[in-house]
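A.B. asks: What follows is a single structure, and I will ask about it in a moment.
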Amino acid sequence: MVYYYIPEDFDDPNLPNCFGIPKPKESILFQDIVAHFSLNPRRAEAARAPTQDQEQGNGFIFRFKYKYQGQTSWLDMSNPNSKVPSDNGRIFMKVTRKTPKYTLPNFPEQAPAQVRAQQEQASFA
């Protein structure tokens, strides 16, 4: 099992999400994480033949928890062929979205037409 949480989604690291990868933990590569990540909308096709974009994490940044000189650290990975580190016998990630999930439209370019019309009317008043 691979455990993860997404701070921006208000996930609790003490109650992480998880997903499985059908191979031994010691042989899991970064590209396996990206291909099987449960929020990857194209994970079935990524598992068969990952593209460069998918190997680099798609719309997510993955940070892996591990120990370095006795201290807990977070490691960003980009090489798809790298083995992922584990902490206390489990793979644990902090995941960040490259594009925020909770966003408002960029005004005025993406505003609905009626909002733009109201703004224009207000500017003439």
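The values are calculated or read from the model by the stated rules, or taken from the named source; none is laboratory data. Just so you know, these numbers come straight off a predicted model, no measurement behind them. Cβ placement follows ideal geometry from the backbone for every residue including glycine, while neighbour counts extend to all protein chains displayed. Surface accessibility is based on the protein's heavy atoms, side chains included, excluding ligands, DNA and RNA. Shrake-Rupley method; radii C 1.70, N 1.55, O 1.52, S 1.80 Å.
A.B. asks: Show the residue pairs meeting these rules: Cβ distance below 9 Å; 6+ apart or different chains; first residue within the range 75-92 and free of Cβ contacts under 8 Å to residues at least 24 places away in the same chain; second residue open to solvent by 80 Å² or more (accessible area, probe 1.4 Å) and of a type outside the set (A, V, I, L, M).
C.D. replies: Leu75/Tyr68; Pro85/Lys67; Asp87/Lys67; Asn88/Lys67
A.B. asks: Considering only residues that are touching an Asp or Glu at 6+ places or on another chain (Cβ under 8 Å) and surrounded by 13 or more Cβ atoms within 10 Å (Cβ to Cβ), look in the range 66-83 and name the one that is nearest to Lys25 (Cα to Cα). Break it down stepwise before answering.
C.D. replies: Of all residues in the range 66-83, those touching an Asp or Glu at 6+ places or on another chain (Cβ under 8 Å) come to 66-67, 72, 80, 83.
Going one step further and asking which of them are surrounded by 13 or more Cβ atoms within 10 Å (Cβ to Cβ), we end up with 66, 80, 83.
Values: Tyr66: 14, Pro80: 16, Lys83: 9 Å.
Across the range 66-83, the extreme among qualifying residues is Lys83.
A.B. asks: Enumerate the helices (runs of 4 or more DSSP H) found wholly within the range 13-125, keeping only those where 2 or more residues are at pLDDT below 80, aliphatic (A, V, I, L, M) and more than 15 Å from Met1 (Cβ to Cβ). Quick ask: steps written out before the conclusion?
C.D. replies: On the way: elements: 30-36, 43-48, 52-55, 113-124.
Answer list for the range 13-125: 43-48, 113-124.
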